[in-house]
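To start, the structure itself, in structure tokens.
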Amino acid sequence: MTLDCQEVEDRMAALLDAELSPGEAELVGRHLDACPSCAALLSRMEGQSFPRPTLPAVDAPGFWDRMESRLQAERREIEAVRAAEARAAETAGARPAWWRRELRLSPATVMLYAALLLLAFGLAAVQSLRVDRVQGDLAHMEQRMEREQRLAATPGPALPVEPVGALAQVPFRGSL
């Protein structure tokens with residue numbers, strides 16, 4: 001397999017960065033040995049140098065302490081604004097919207113609600129299983145009824161009727 005000039009040009013940056021597989025590097029090398037224009041382009045690309053950007057070292061002693069104090073200050077400001085809004089709503093006689101009200105529940109109450117939710121979901125699952133079972137039984141009974149109706153509707157050969165009677169053998173006198 002040979003590469004044309006365009007394919008080699010597409011791979012030159014990867015060749016310079018040593019990102020080509022050994023097989024591709026060999027193919028590109030063979031083309032470069034045979035093609036002077038591509039070899040000249042490679043030599044021009046090798047002559048280029050781009051300085052890598054470096055980030056300046058930052059010395060930030062106490063950064064996390066300052067960050068923590070600023071976050072706490074912002075939290076205090078938010079709480080103060082909320083408290084002021086609540087006081088204003090109380091003085092105006094208006095209650096905050098239901099989605100803004102703060103729920104204050106004890107851990108025991110939360111556990112009770114969670115247990116009730118689990119119980120409700122469990123009962124719903126059991127009820128769903130019962131409904132599925134009853135529906136399956138109903139479908140089975142419907143199939144049996146259809147089969148019985150088909151059998152009753154199709155005339156079949158008459159069954160032989162044997163006379164039924166009481167047979168009694170009365171021994172004659174003197175016969176044993």
> Is one or more of the residues making up region 61-83 more than 48 Å from the chain's Cα centre (by Cα), of a type in the set (Ser, Thr, Tyr) and more than 30 Å from Thr2 (Cβ to Cβ)?
Replying inline: no
> Out of curiosity, is Pro36 modelled with pLDDT of 90 or more, loosely packed, with under 10 Cβ neighbours inside 10 Å and farther than 30 Å from Arg101 by Cβ?
Replying inline: yes
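Among the residues that make up region 88-109, is at least one of them in contact with a Pro (Cβ under 8 Å, 6 or more places away or on another chain) and either not hydrophobic (A, V, I, L, M, F, W, C) or not in a loop (DSSP other than H, G, I, E, B) (or both)? Break it down stepwise before answering.
Of the residues in region 88-109, the ones in contact with a Pro (Cβ under 8 Å, 6 or more places away or on another chain) are 89.
Among the residues that remain, those that are also either not hydrophobic (A, V, I, L, M, F, W, C) or not in a loop (DSSP other than H, G, I, E, B) (or both) are: 89.
Scanning region 88-109, I find at least one residue that is in contact with a Pro (Cβ under 8 Å, 6 or more places away or on another chain) and either not hydrophobic (A, V, I, L, M, F, W, C) or not in a loop (DSSP other than H, G, I, E, B) (or both), so the answer is yes.
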>> Looking at (1) surrounded by fewer than 10 Cβ atoms within 10 Å (Cβ to Cβ); (2) on the phi < 0 side of the Ramachandran plot, which one does Gly62 not meet, given that it meets all the others?
In response: (2)
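The values are calculated or read from the model by the stated rules, or taken from the named source; none is laboratory data. Just so it is clear, the structure is predicted and the values come from calculations on it, not from any experiment. When we count neighbours, we look across all protein chains shown, and the Cβ atoms used for this are built from the backbone with ideal geometry, even at glycine.
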